[in-house]
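Just below is one structure, and these are the notes that go with it.
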Amino acid sequence: MVDDTLTASVSALLDEHARVQEELSDPAVHADAGRAKKLTRRYAELDKVAAAARHFAQLEADHAAAVELAEDDADFAAEAKRLSAEMDTAEGELKDLLVPGDPDDSRDAIIEIKAGEGGDESALFAGDLLRMYQRWIDSRGWSSQILDATHSDLGGYKDVTMAVKAKNDGAYGWVKFEGGVHRVQRVPVTESQGRIHTSAAGVLVFPEVDEPEEIQLDEHDLRIDVYRSSGPGGQSVNTTDSAVRITHLPTGITASCQNEKSQLQNKDAAMRMLRARILAKQAEEAAAEAADIRRSQVRTVDRSERIRTYNFPENRITDHRTGYKAYNLDQVLAGDLDPVIGSCRDADKAARLDALGD
């Protein structure tokens, strides 16, 4: 039997589900693309609660009927027992859906990969990470777009920034767990003695701003610099100053882009990255004020924390936060990331349940 607190929480969410559904049926709402997008995402979240509540209510009714019939027919006693077990499972699933989530989880995301210790080998590894994410994104039916990239001499990336857009699920709620230091152990292509080297690449993940109006930026607070974009090794690839760097003076946050051919396109992409970084900073500040609620989110944007090791000689992938370990590194690099990220999502949900209990 569901306790009164859970019943009240479910009832409140079902009321909200009905209100959001009514709002979405109003054509005037869809005139505001940003508001319509937020309501659609919220409706998708609440719809899961509504479906779980309906499933539990049906099980409860079936169980009550089986108990009543068992008084006259012993065969229904076994059915009542089976339904009771199903009710326990359904109640647990319903409780999981009531755990407060990160409000940014339903957003699209921006991933930035930076070469770190290891020189050319680190840049090659940054390229491996990019391709791993692209394959995984493709396997989920999502889409990605390279916003900016600085190539290295051997075909890797000194840094690369990619936007990730999901279909029905928030991309950020998945990729946010990739933020941190990724360490690789393998024999570099430049190593003639066959010795294993360790290098690393850093990953930053930002929630994407839905609409420009969400993060209001005063033009007087922006310093915009233009310069000539460069390719591998630093050579010039454009004859005009098309690359753009934007600095938000109040916060010191910067974003640059040289990937597009025109200055206007690079400015738009840089503004997109800048807004995402400012949104992430605001989230960090909010997290500092509510550390118990968003403890895991703080860790995901900290590049100083080594989160995962990719060991090529042993074909091993290890996530140091959850203890996840598997010997299928080749498959992970080919895009089979769900089990790895899933371990992080499960740990995060468990932490939120503990916090809710406290």
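The values are calculated or read from the model by the stated rules, or taken from the named source; none is laboratory data. These numbers were taken from a predicted model, which means no experiment stands behind them. A quick note on method: Cβ atoms are made from the backbone with ideal geometry, for glycine too, and the neighbour counts reach across all protein chains shown. All accessible areas refer to the heavy atoms of the entire protein, side chains included, with ligands and DNA or RNA removed. Shrake-Rupley method; radii C 1.70, N 1.55, O 1.52, S 1.80 Å.
Assorted remarks:
- Of the criteria (1) open to solvent by less than 40 Å² (accessible area, probe 1.4 Å); (2) farther than 27 Å from SER262 by Cα; (3) modelled with pLDDT of 85 or more, which one VAL164 fails: (2)
- The set of residues from the stretch 173-209 being on the phi > 0 side of the Ramachandran plot and more than 30 Å from the chain's Cα centre (by Cα) comprises just one member, GLY194.
- Among (1) at pLDDT 80 or above; (2) in the same structural domain as PHE125 (by the TED database), the one test that VAL189 misses: (1)
- Residues of the stretch 56-105 that turn out to be at pLDDT 90 or above, open to solvent by 40 Å² or more (accessible area, probe 1.4 Å) and either assigned to a loop (DSSP other than H, G, I, E, B) or within 14 Å of THR7 (Cα to Cα) (or both), as a count: 2
- Where a residue in the stretch 68-88 is in contact (Cβ under 8 Å) with a residue 12 or more places away in the chain and closer than 20 Å to ALA52 by Cα and its partner, wherever it lies, is acidic (Asp, Glu) and loosely packed, with under 11 Cβ neighbours inside 10 Å, with Cβ under 8 Å and at least six apart: none
- Pick from the stretch 124-147, criterion basic (Lys, Arg) and in a helix (DSSP H, G or I), ranking: nearest to ARG245 (Cα to Cα): ARG131
- For the stretch 9-18, the criterion of being in a loop (DSSP other than H, G, I, E, B), outside the structural domain of GLY170 (by the TED database) and at pLDDT below 90 is satisfied by no residue at all.
Results for (1) closer than 30 Å to GLU45 by Cα; (2) aliphatic (A, V, I, L, M); (3) free of Cβ contacts under 8 Å to residues at least 24 places away in the same chain, shown as yes or no for each residue.
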| residue | (1), (2), (3) |
| --- | --- |
| ALA115 | no, yes, no |
| GLU121 | no, no, no |
| LEU130 | yes, yes, no |
| GLN134 | yes, no, no |
| ALA149 | no, yes, no |
| LEU154 | no, yes, no |
| THR161 | yes, no, no |
| VAL164 | yes, yes, no |
| LYS167 | yes, no, no |
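- Selection from the stretch 326-339 of residues that are surrounded by 17 or more Cβ atoms within 10 Å (Cβ to Cβ), out of contact with any Lys or Arg (no Cβ under 8 Å at 6 or more places or on another chain) and not charged (D, E, K, R): VAL332, LEU337
- Close Cβ contacts (under 9 Å, 6 or more residues apart or on different chains) running from residues in the stretch 37-49 that are without any contact (Cβ under 8 Å) to a residue 12 or more places away in the chain to residues that are open to solvent by less than 80 Å² (accessible area, probe 1.4 Å) and in a helix (DSSP H, G or I) are absent.
- Residue that is open to solvent by less than 50 Å² (accessible area, probe 1.4 Å) and part of a loop (DSSP other than H, G, I, E, B), where the choices are GLU191, GLU121: GLU191
- Only residues that are open to solvent by 60 Å² or more (accessible area, probe 1.4 Å) and under 27 Å from the mean Cα position of the chain (by Cα) were counted across the stretch 12-46, and they come to 11.
- Out of ARG306, ARG294, ARG352, ARG345, sole residue that is at pLDDT below 95, open to solvent by 70 Å² or more (accessible area, probe 1.4 Å) and more than 21 Å from HIS197 (Cα to Cα): ARG345
- Residue-level check: of (1) modelled with pLDDT under 90; (2) assigned by the TED database to the domain that holds ASP153; (3) surrounded by fewer than 16 Cβ atoms within 10 Å (Cβ to Cβ), ASP241 misses just (2).
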